[in-house]
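Novice: Dropping a structure here in structure tokens format, bear with me for questions.
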Amino acid sequence: MDPQKRPIYREWSSWPGWLVVMFWGTMFLGMAFVSLVPGESDEERFWGLVVLAVTAVGVQLLVSGLSVRLFRDHLVVGLGSAGWISRKVRYEDVLRTESVTYRPLVEFGGWGVRWGKEGKRAWTARGNHAVVLHLKDGTHLYVGSDSPHRLEERIRAVAGTRIGGEGRPAA
């Protein structure tokens with residue numbers, strides 16, 4: 001991989017353990033049910049199992065947790081192992097950063113990719129800690145993190161004076 005395209009820093013937040021257990025438990029129960037349904041042919045059982053397995057892997061790839069990757073001139077926050085659902089933020093579009101403790105259920109109705117009131121957006125997987133990126137367009141982007149102070153420090157270290165777009169350091 002080209003060193004210019006390799007992340008300088010990477011952070012991963014998985015979904016809460018209880019949710020992972022519930023998801024895979026549901027998938028395995030579904031597979032057990034499909035394999036034991038009376039009156040179905042072996043071929044129908046096989047295809048039912050394939051559909052459940054593909055669904056489970058697809059969900060895992062699409063939305064299994066939250067990744068944050070810092071590059072030289074931008075960061076990417078994304079859902080899932082594959083990172084197909086993601087958002088890129090250029091450092092020059094960030095006015096300032098802030099580590100916060102927030103209320104995900106009250107402010108956003110839960111976790112995941114969420115829209116709140118007054119220009120608030122959230123990309124979170126669990127917990128109530130985030131780094132808020134105050135963007136030039138007025139958006140407050142909450143990036144969930146298990147270690148928000150460390151993530152904020154890394155963003156500032158990588159972005160340097162580009163935050164604010166006018167040479168101002170993050171405050």
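The values are calculated or read from the model by the stated rules, or taken from the named source; none is laboratory data. All values derive from a computational prediction rather than experimental measurement. Please note: Cβ atoms are built from the backbone with ideal geometry, for glycine as well, and neighbour counts cover all protein chains shown. Surface areas here come from the heavy atoms of the whole protein model, side chains and all, with no ligands, DNA or RNA. Shrake-Rupley method; radii C 1.70, N 1.55, O 1.52, S 1.80 Å.
Novice: Would a scan of the stretch 117-126 turn up a residue that is among the β-branched types (Val, Ile, Thr), open to solvent by 20 Å² or more (accessible area, probe 1.4 Å) and either at negative phi or modelled with pLDDT of 90 or more (or both)?
Specialist: So the first thing to find is which residues in the stretch 117-126 are among the β-branched types (Val, Ile, Thr), and the list is 124.
Filter again for open to solvent by 20 Å² or more (accessible area, probe 1.4 Å), leaving none.
Looking through the stretch 117-126, none of the residues is among the β-branched types (Val, Ile, Thr), open to solvent by 20 Å² or more (accessible area, probe 1.4 Å) and either at negative phi or modelled with pLDDT of 90 or more (or both).
Novice: Residue under question is Ile163, and the condition is that it be open to solvent by less than 10 Å² (accessible area, probe 1.4 Å) and modelled with pLDDT under 95; does it hold?
Specialist: On the way: open to solvent by less than 10 Å² (accessible area, probe 1.4 Å): yes; modelled with pLDDT under 95: yes.
Taking the combined requirement at face value, the residue satisfies it.
Novice: Can you find a residue in the stretch 28-44 that is open to solvent by 50 Å² or more (accessible area, probe 1.4 Å), in a helix (DSSP H, G or I), closer than 23 Å to Ala125 by Cβ and not polar (S, T, N, Q)?
Specialist: The answer is yes, given that some residue of the stretch 28-44 is open to solvent by 50 Å² or more (accessible area, probe 1.4 Å), in a helix (DSSP H, G or I), closer than 23 Å to Ala125 by Cβ and not polar (S, T, N, Q).
Novice: Looking only at residues in the stretch 74-95 that are at negative phi and among the small types (Gly, Ala, Ser), which one is least open to solvent (accessible area, probe 1.4 Å)?
Specialist: Checked the stretch 74-95; the qualifying residue least open to solvent (accessible area, probe 1.4 Å) is Gly78.
Novice: Taking the residues in the stretch 99-111 that are assigned to a loop (DSSP other than H, G, I, E, B) and open to solvent by less than 40 Å² (accessible area, probe 1.4 Å) as candidates, determine which candidate is modelled with the highest pLDDT.
Specialist: Tyr102
Novice: Here's a check for you: in the stretch 1-27, which residue that is loosely packed, with under 12 Cβ neighbours inside 10 Å and in a helix (DSSP H, G or I) is modelled with the lowest pLDDT?
Specialist: Among those residues, the one meeting the criterion is Pro3.
Novice: Next up: Among the residues of the stretch 55-73 satisfying the criterion of being among the hydrophobic types (A, V, I, L, M, F, W, C) and outside any strand (DSSP E or B), which is surrounded by the most Cβ atoms within 10 Å (Cβ to Cβ)? Write out each step before concluding.
Specialist: Applying the first criterion (among the hydrophobic types (A, V, I, L, M, F, W, C)) to the stretch 55-73 yields 56-57, 59, 61-63, 66, 68, 70-71.
Narrowing further to those that are outside any strand (DSSP E or B): 56-57, 59, 61-63, 71.
Values: Ala56: 17, Val57: 13, Val59: 13, Leu61: 15, Leu62: 14, Val63: 19, Phe71: 17.
Checking each candidate, the answer is Val63.
Condition check ((1) of a type outside the set (Gly, Ala, Ser); (2) touching a helix residue (DSSP H, G or I) at 6+ places or on another chain (Cβ under 8 Å); (3) open to solvent by less than 70 Å² (accessible area, probe 1.4 Å); (4) outside any strand (DSSP E or B)) across all residues:
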position	(1), (2), (3), (4)
Thr97	yes, yes, yes, no
Val113	yes, no, yes, no
His134	yes, no, yes, no
Asp137	yes, yes, no, yes
Leu141	yes, no, yes, no
Arg150	yes, no, no, yes
Ala159	no, yes, yes, yes
